[in-house]
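The values are calculated or read from the model by the stated rules, or taken from the named source; none is laboratory data. Since we're looking at a predicted model, the values are computed, not measured. All Cβ positions, even for glycine, are placed from backbone atoms using ideal geometry, and neighbour counts span all protein chains on display. Just so you know, the surface numbers come from the protein's heavy atoms only, side chains and all, with ligands and any DNA or RNA stripped out. Shrake-Rupley method; radii C 1.70, N 1.55, O 1.52, S 1.80 Å.
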Amino acid sequence: MSHQTGLKPSLRFGQVVIGPPGSGKTTYCKGMQEFLSHLGRKVVVVNMDPANEGLPYSCAVDVSELVTLDDVMEGLKLGPNGGLLYCMEYLEANLDWLEKKLKLHNDCYFLFDCPGQVELYTHQNSVKNIFSQLAKWNFRLTAVHLVDSHYCADPAKFISVLCTSLSTMLHVELPHVNVLSKMDLIEQYGKLAFNLDFYTEVMDLTYLLDHLAADPFFKKFHHLNQKLAEVIQDYSLVSFVPLNVQDKESMIQVLRAVDKANGYCFGDLEERNLQAMMSAAVGADFQFSSTLGVQEKYVETSAKTVEEEMMDL
């Protein structure tokens, strides 16, 4: 029998919170930290954003102790985008620092608050390599990709969001939950053309293309938009969970999806009954009814008849 030189670390679960700038990542981390703490989980938040200042949550590991964006921009004369790319490459080159910090926290649930630069998750490899190394350290992570919900009100922006989400899912290579954040502001910049479940389940996008073709500017790009929609539907990977951080029911729905994705609900870190496990396994939490409840809460109902709405479209 061979002797092992070292013991494999125990499983550690968590979330890597990603998304465009201003999508609510830091607010999500603060809200999820408080929510999980009330559930009895021991939560550790890791700030992975070297540009994050004035953190609203208690942070156990902060990458700014290793490198800050301001120092890089000043020292190397780089802009904010180039500086942030350098910071993540520097963190990748100093993973022993991160490993040492994370080892101080055992039997915890981790929230990684990541930078908001989109190219870090679509084609640049440093963040992907950091996530891969975390997996080798026995972390079981889910990527929680936040997107502003008000993009649903603009068909062009929504197709763009779908392309970015799909590209991120394929590049990051982690179990993935896409989230429509700030649901209370979903109709801030315009009315939704369809019911909320059309956007959360990403239904037949040809309806959205017809809606888009009504705009003279986008009419000449109809063929391009059609091909982009075909790519999204051919992969059939993207769907969304609606979220308002201040709404308990909304947070529960997101947490269920995350726990199912990273396998936390099948672990032994908490007491779990068989019914809860089977519900997660077979997806028995009927997404349609929960989406309908969110729509009734945040989307203004129209007084028009179906025929009048069809005429508008």
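Considering only the range 215-247, state which residues are under 23 Å from residue 201 (Cβ atoms), among the charged types (D, E, K, R) and open to solvent by 100 Å² or more (accessible area, probe 1.4 Å).
234
Kindly indicate which of 95, 111, 104 is of a type outside the set (Asp, Glu) and within 17 Å of residue 52 (Cβ to Cβ).
111
Determine, yes or no, whether residue 115 is crowded, with 20+ Cβ neighbours inside 10 Å and at pLDDT below 90. If you could, list the steps in order and put the result at the bottom.
Values: crowded, with 20+ Cβ neighbours inside 10 Å: yes; at pLDDT below 90: no.
Criteria not met by residue 115.
Looking at (1) open to solvent by 30 Å² or more (accessible area, probe 1.4 Å); (2) assigned to a helix (DSSP H, G or I), which is the one condition that is false for residue 104?
(2)
Kindly check whether there is at least one residue in the range 125-142 that is charged (D, E, K, R) and either assigned to a loop (DSSP other than H, G, I, E, B) or outside the structural domain of residue 23 (by the TED database) (or both).
No, the range 125-142 contains no residue that is charged (D, E, K, R) and either assigned to a loop (DSSP other than H, G, I, E, B) or outside the structural domain of residue 23 (by the TED database) (or both).
For the range 147-158, name all the residues that are under 27 Å from residue 111 (Cβ atoms) and out of contact with any Phe, Trp or Tyr (no Cβ under 6 Å at 6 or more places or on another chain).
Matches in the range 147-158: 147, 148, 149.
Which condition does residue 183 not pass, out of (1) under 30 Å from residue 128 (Cα atoms); (2) loosely packed, with under 14 Cβ neighbours inside 10 Å, if it passes all the others?
(2)
Run down 55, 69, 78 and say which single residue is in contact with a Phe, Trp or Tyr (Cβ under 8 Å, 6 or more places away or on another chain) and surrounded by 15 or more Cβ atoms within 10 Å (Cβ to Cβ).
It is 78.
Take the conditions among the aromatic types (Phe, Trp, Tyr) and open to solvent by less than 10 Å² (accessible area, probe 1.4 Å) and apply them to residue 194. Does it pass? Talk me through it step by step, then tell me what you get.
On the way: among the aromatic types (Phe, Trp, Tyr): yes; open to solvent by less than 10 Å² (accessible area, probe 1.4 Å): no.
Criteria not met by residue 194.
Report yes if residue 147 is open to solvent by less than 50 Å² (accessible area, probe 1.4 Å), touching a residue at least 12 places away in the same chain (Cβ under 8 Å) and in a helix (DSSP H, G or I), otherwise no. If you could, list the steps in order and put the result at the bottom.
Values: open to solvent by less than 50 Å² (accessible area, probe 1.4 Å): yes; touching a residue at least 12 places away in the same chain (Cβ under 8 Å): yes; in a helix (DSSP H, G or I): no.
No: the conditions fail for residue 147.
Out of the range 208-225, which residues are part of a helix (DSSP H, G or I) and of a type in the set (D, E, K, R)? Spell out how you get there, then give the answer.
Taking the range 208-225 first, the residues part of a helix (DSSP H, G or I) are 208-213, 216-219, 222-225.
Once the filter is applied, which keeps residues that are part of a helix (DSSP H, G or I) and of a type in the set (D, E, K, R), the range 208-225 yields 210, 219.
Of all the residues that make up the range 129-144, how many are farther than 26 Å from residue 200 by Cα and either surrounded by fewer than 17 Cβ atoms within 10 Å (Cβ to Cβ) or in contact with a strand residue (DSSP E or B) (Cβ under 7 Å, 6 or more places away or on another chain) (or both)?
Looking only at that region, the number is 10.
Given the criterion over 23 Å from residue 19 (Cα atoms) and among the hydrophobic types (A, V, I, L, M, F, W, C), identify the matching residue among 198, 218.
Testing whether each residue is over 23 Å from residue 19 (Cα atoms) and among the hydrophobic types (A, V, I, L, M, F, W, C) leaves just 218.
Could you check the range 179-207 and list, in sequence order, the residues that are out of contact with any His (no Cβ under 7 Å at 6 or more places or on another chain) and in a helix (DSSP H, G or I)?
Result: 183, 184, 196, 197, 198, 199, 200, 206, 207.
Name every residue in the range 11-38 that is modelled with pLDDT of 90 or more, of a type in the set (A, V, I, L, M, F, W, C) and open to solvent by 10 Å² or more (accessible area, probe 1.4 Å), in order of residue number.
13, 35
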